[in-house]
């Protein structure tokens, strides 16, 4: 393929953090991209506006697994606002970069978290649109 992954990407692919499901999750988000076949599902446990636990299940390439793993690490123990501000750029930087053809994996990780937070708000009876933003657009992948 002609591109190399950083050591951090390889580590998060070989030893992904926070893999699994959360029973009775407060928010669940699933996004997918038929172009590359990556599907990410994020589960959130939220207590007092803090993400106390986060798990993921990802079907996809090594970069998709690594970005899911890193994204969960970046929001675990953080506030909802902090998680809402997570960008794919922050995920890529935390992984010491991604090859250009794999940048979409970091976008999926960001979208999966925002989708899970949108689900959380819906379950709370709150309209997620003004809070989470353009989630509905990203659900159309």
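Values quoted throughout were computed directly from the atomic coordinates according to the rules given, and no laboratory measurement underlies them. Predicted model, so just to flag it, every value in this text is computed and none were measured.
Over the chain, the hull volume per residue, using the convex hull of the C-alpha atoms, is 97 Å³. Return the percentage of antiparallel bridges among DSSP beta bridges fully within the chain, rounded to the nearest 5 %. Percent antiparallel among DSSP bridges in the chain is about 95.
Under a Gaussian network description of the chain, with springs only between Cα atoms under 10 Å, the residue in 48, 38, 96 that fluctuates furthest is 48. For the stretch 1-91, relative contact order (Cα pairs under 8 Å, six or more residues apart, normalised by length) works out to 28 percent.
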